[in-house]
Amino acid sequence: MFKPILLLFISNVFMTFAWYGHLKDLKTAPLWIAIAVSWAIALLEYCFQVPANRIGIQYFTLPQLKVIQEVTTMLVFAGFSVAYMQVPITRNYFFAAMLLAGAAYLIFSDKPQ
């Protein structure tokens with residue numbers, strides 16, 4: 001049950017770097033280089049994301065998988081923002097995270113019919 005969550009976490013690390021890492025590391029590089037590097041990183045992301053969802057669907061519903069992915073994305077992005085991009089977490093970011101926690105509670109408390 002925890003393997004898909006771990007794989008989604010790793011996938012999200014790659015995804016976050018693919019989406020935002022070029023803003024720091026490749027800001028002076030030509031756009032096509034930033035796109036190529038991002039696509040290469042995204043390929044690695046899919047190498048973890050696809051198995052995560054294939055394994056995860058055995059334990060979770062599709063909506064639950066999506067909420068796990070969104071919560072994981074928020075956690076990884078927070079760490080990336082602070083540690084890598086030196087962007088502080090604001091009060092509104094914290095409140096948005098609490099709303100995602102509420103979404104997780106709601107989706108996991110839903111009883112299958």
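The values are calculated or read from the model by the stated rules, or taken from the named source; none is laboratory data. Because the structure is a prediction, the values reported are computed rather than measured. We place every Cβ from the backbone using ideal geometry, glycine too, and count neighbours over all the protein chains shown.
Structure above, values below:
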read-out: Some residue of segment 23-35 being at pLDDT 90 or above, of a type outside the set (S, T, N, Q), within 18 Å of the chain's Cα centre (by Cα) and within 16 Å of residue 9 (Cβ to Cβ); value: no
read-out: Among (1) at pLDDT below 95; (2) under 24 Å from residue 1 (Cβ atoms), the one test that residue 50 misses; value: (1)
read-out: Given (1) under 22 Å from residue 7 (Cα atoms); (2) more than 14 Å from the chain's Cα centre (by Cα); (3) of a type in the set (Phe, Trp, Tyr); (4) part of a helix (DSSP H, G or I), number of the condition residue 95 does not satisfy; value: (1)
read-out: Positions within segment 24-42 being over 24 Å from residue 82 (Cβ atoms) and of a type outside the set (Gly, Ala, Ser), in sequence order; value: 30, 31, 32, 33, 35, 39
read-out: Any hit, segment 72-80, residues being exposed (fewer than 13 other Cβ atoms within 10 Å of the Cβ), of a type outside the set (Gly, Ala, Ser) and out of contact with any strand residue (DSSP E or B) (no Cβ under 8 Å at 6 or more places or on another chain); value: no
read-out: Qualifying residue in segment 10-29 (condition: within 26 Å of residue 110 (Cβ to Cβ), of a type outside the set (Phe, Trp, Tyr) and in a loop (DSSP other than H, G, I, E, B)); value: no
